[in-house]
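S.K.: Have a look at the structure that comes next, please.
Only the coordinates and a few stated rules stand behind these numbers; no lab work does. Owing to the predicted nature of the structure, the values given are computational and were not obtained by experimental measurement. Virtual Cβ from ideal backbone geometry, glycine too; neighbours counted across all protein chains shown.
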Ligand code: CTP
Ligand code: MG
């Protein structure tokens, strides 16, 4: 994966170009604040907290790129961490691809981390990187499910939906980010999907699976949940308040 002349170098791509439709009207989701700080700033800090991460590429809403650059220019990050901002695309998959194109030579491992998961602990980030360093080409943090899951035949009008199957819950995992990849494998997956015409992947690891490459799961963390709906903002602010209280002791 890496040559012997240097340890594998790691970059993090943060797709942050979504509108946040499910969160309701307002600024693009990544720029919404949690206890006064934009979600994107929390997410950048979470990636930069890992000593392995030397570059963070933020994929911003195309019409907010300058504002995001200004926001992040003021951020105090560790000396080891460079930051770049590029405009995003119409889908998460396209935004990730645009972020990958901004990564220079010399990076061997790429993390892809949703701006919408601002509170992921550094231990989770490090365990994903470690698994890639140990030889996995694609690593996904994930948690067992609390709810039983049913596959249905979706009904168009909100009417009753016939159940098709009930997968065994113990074998299911809810996947989070950062997902970690051997750089060449992820670039290849994106190139292959672009040729195949697919553009709807909500999860990079799924694209690697379709290439036929092995994907492995490591333990995720409950604080790496995705801010999707308004209630998630309440939970995220409560987690931050708890951290602040704990730091005080
Ligand atoms: N994302 C992106 N570019 C897009 C769409 C999504 O970079 N065109 C990013 C989002 O900013 C987010 C991550 O992908 O950090 C996960 O997507 P999701 O949680 O679905 O965010 P949104 O697409 O913004 O939300 P919604 O689907 O409710 O509109
Ligand atoms: Mg979305």
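S.K.: Can you give the convex hull volume of the alpha carbon atoms of the chain per residue, in Å³?
M.R.: 161 Å³
S.K.: Roughly what % antiparallel, to the nearest 5, for the DSSP beta bridges in segment 1-129?
M.R.: If I count the DSSP bridges inside segment 1-129, around 10 percent turn out antiparallel.
S.K.: Something else now. Based on other C-beta atoms within 10 Å, arrange 127, 157, 95, 50 from fewest to most.
M.R.: 157, 127, 50, 95
S.K.: In addition: Work out how much length residue 37 to residue 246 would gain on full extension: take 0.36 nm times their residue separation and subtract the Cα-Cα distance, in nm to one decimal.
M.R.: My answer for the length gained is 73.3 nm.
S.K.: Determine which residues of segment 23-60 fall in the zone a paramagnetic label at residue 211 would reach in this model, i.e. backbone nitrogen under 20 Å from the point 7 Å along Cα→Cβ.
M.R.: Backbone N within reach: 57.
S.K.: Here is a further query. By count of other Cβ within 10 Å, fewest leading, how are 166, 177 ordered?
M.R.: Fewest-to-most ranking of 166, 177: 166, 177.
S.K.: With both partners inside segment 138-247, how many of the DSSP beta bridges are antiparallel, as a percent to the nearest 5?
M.R.: Once the DSSP bridges in segment 138-247 are tallied, antiparallel ones form about 65 percent.
S.K.: Could you give the length gained by full extension between residue 69 and residue 187, i.e. 0.36 nm per residue of separation minus their alpha carbon distance, to one decimal place?
M.R.: Taking residue 69 through residue 187 to full extension adds about 40.0 nm, to one decimal.
S.K.: Using Cβ counts within 10 Å as a stand-in for footprinting exposure, how do 137, 110 rank, fewest first?
M.R.: Listing 137, 110 from fewest to most nearby Cβ atoms yields 137, 110.
S.K.: Further question on the same structure: Most fluctuating residue of 128, 120, 217 in a GNM of the chain with Cα springs under 10 Å: which is it?
M.R.: 217
S.K.: Per the Debye formula with a single identical scatterer at each Cα and no solvent contribution, what log10 I(q)/I(0) holds for segment 40-100 at q = 0.17, 0.24 Å⁻¹?
M.R.: -0.55, -1.02
S.K.: Just from its helices, what would the mean residue ellipticity at 222 nm be for the chain, if runs of 4 or more DSSP H residues each count -39500 (n - 2.57) and the sum is divided by every residue, rounded to the nearest 500 deg cm²/dmol?
M.R.: Calculated from helices alone, the mean residue ellipticity at 222 nm is -10000 deg cm²/dmol.
S.K.: Also, quick follow-up: What percent antiparallel are the DSSP beta bridges of the chain, to the nearest 5?
M.R.: 40 percent
S.K.: Now a separate question. Cα gyration tensor of segment 1-74, axes a ≥ b ≥ c as square roots of the eigenvalues: rounded (a/c below 1.5), prolate (a/b > b/c) or oblate?
M.R.: Verdict is prolate for segment 1-74.
S.K.: With springs only between Cα atoms under 10 Å, which of 37, 148, 65 fluctuates most in a Gaussian network model of the chain?
M.R.: Top of the fluctuation ranking is 148.
S.K.: What is the Cα centroid distance between segment 177-193 and segment 13-57, reported in whole angstrom?
M.R.: 21 Å
S.K.: Here is a further query. For segment 142-237, just the Cα atoms, rotate onto the principal axes and tell me the three extents in Å, largest first.
M.R.: 43, 35, 27
S.K.: Normalised by the number of residues in the chain, what is the relative contact order in percent for Cα pairs under 8 Å and 6+ residues apart?
M.R.: Here the relative contact order equals 23 percent.
S.K.: Shifting gears a bit: Where Rh denotes the Kirkwood radius from the mean inverse Cα pair distance, what is Rg over Rh for segment 90-192?
M.R.: 1.07
S.K.: Over segment 177-247, what relative contact order in percent results from Cα pairs under 8 Å that are six or more residues apart?
M.R.: 22 percent
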